[in-house]
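Have a look at this one.
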Amino acid sequence: KQGGGLNVMISGAPASGKGTQCEMIKDKYNLVHISAGDLLRAEVAADTDYGKRAKEFMNQGKLVPDDVVVSMVKQRLQLPDVCEAGWLLDGYPRSLSQAQALEALKIRPQLFILLEVPEDVLIERVVGRRLDPVTGKIYHLKYFPPEDPEVAARLIQRSDDTEKKAMERLRTYHENLASVLSVYESCIKTVDGNRPKSEVFGDISSFLDDHIKAATKVSKPK
Ligand code: AP5
C-alpha cells in the first residue's frame, strides 16, 4: 500500500461515483476515507443532536447547516489516524463557507478530483443504487448487483434516492459548485465518470501516482 500523507478531495454530483471510487482509492493508497454523507447518516441513525438537526435538510436534498457539518468534519480530520495516513475527503466542502473553514485551518488537498457525469445517467444511478448495511458496500441493481443471494436479500435503499429528491440534490450541487472550485483551482483534476468504474479509477490512480512520484523526487534529490 502507498500514499502516506496524501490529502485528496473528491467531488461530483449526486451518484457521480464518489463513494464507489473512494472504496478503491482507500484500498490502494491506504488513506482514511471521510464521507460527509456517511458521517451525517451515522448521526441520524444514532439519533444524536446533530442527527436530529441534519435529518430534515437531508430529506429535502439541501445542505445541512455549517454548524453541524463543519464541526463534524473538522473533528474527524484531527484524529490521529488521519494525520498519519492522509485523508480522502468525500462530499466536503460543498459550499464556499465550508471550504473557507478548512482554509482557515490550513487544511488543503494536494489534489481535487472532480467527477463529471451527464444528468440522465446520474438519475438512473440514483434510483438503482442499493447499500449493504452490513459491509457498507455500494451496489446497483443493473450495473453492480451482488453475486451472493444473502447480500441481495439484505440490501437497502437510501431515503433520498428517489428521482424527485435527486433532482433537488442536483440543484443544490450546481448552485454551489463554482464557488467551491474557485478555492481549489490550482489542483483540480477533472475525470470523465461516465465510464466503467475501473476506467474511472485508472485515471484517478494516474493522477495520484504522478503526484506521489513528483513529491518523492522533491524530497529525495540526487
Ligand atoms: P452524500 O451521501 O454525500 O450524497 P451525494 O453527494 O448526493 O452523493 P451520493 O452518495 O449520492 O453518490 P456518490 O457520488 O457517492 O455515488 P456512488 O458511488 O454511491 O450526501 C447526502 C446528503 O447529506 C446531501 O444531500 C446533504 O443533505 C448532506 N450532506 C452531505 N455532505 C454535506 C456537506 N458537506 N454539507 C452539507 N450537507 C451535506 O454511485 C451511485 C450509484 O452508481 C451506485 O449504485 C453505484 O453502484 C453506481 N455507479 C458508480 N460508479 C459507476 C460507474 N462507473 N458505472 C455505472 N454505475 C456506477
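The values are calculated or read from the model by the stated rules, or taken from the named source; none is laboratory data. Because the structure is predicted, anything quoted here is derived from the model rather than measured. Methodologically, a virtual Cβ is constructed for each residue, glycine included, from the backbone with ideal geometry; neighbour enumeration extends over all protein chains shown.
Give the residues of the stretch 167-222 that are under 23 Å from Gly61 (Cβ atoms), among the polar types (S, T, N, Q) and outside any helix (DSSP H, G or I), sorted by residue number.
If the condition is that a residue be under 23 Å from Gly61 (Cβ atoms), among the polar types (S, T, N, Q) and outside any helix (DSSP H, G or I), then Asn194 is the only one that fits.
May I pose another question? Restricting attention to the stretch 56-90, report how many residues are more than 9 Å from the ligand (Cβ to nearest atom), at pLDDT 95 or above and assigned to a helix (DSSP H, G or I).
0
Next question, about the same structure. Any residue at all in the stretch 194-201 that's crowded, with 17+ Cβ neighbours inside 10 Å and either within 28 Å of Ser97 (Cα to Cα) or of a type in the set (Gly, Ala, Ser) (or both)?
No.
A further question on this structure: Given the condition closer than 27 Å to Ser71 by Cβ, touching a Lys or Arg at 6+ places or on another chain (Cβ under 8 Å), acidic (Asp, Glu) and buried (at least 16 other Cβ atoms within 10 Å of the Cβ), answer yes or no: does some residue in the stretch 167-187 qualify?
Yes - at least one qualifying residue is present in the stretch 167-187.
Table: residues versus (1) more than 7 Å from the ligand (Cβ to nearest atom); (2) β-branched (Val, Ile, Thr); (3) not in a helix (DSSP H, G or I).
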position	(1), (2), (3)
Ser16	no, no, yes
Thr20	no, yes, no
Ile25	yes, yes, no
Ile34	yes, yes, yes
Gly37	no, no, no
Ala42	yes, no, no
Asp47	yes, no, yes
Tyr50	yes, no, no
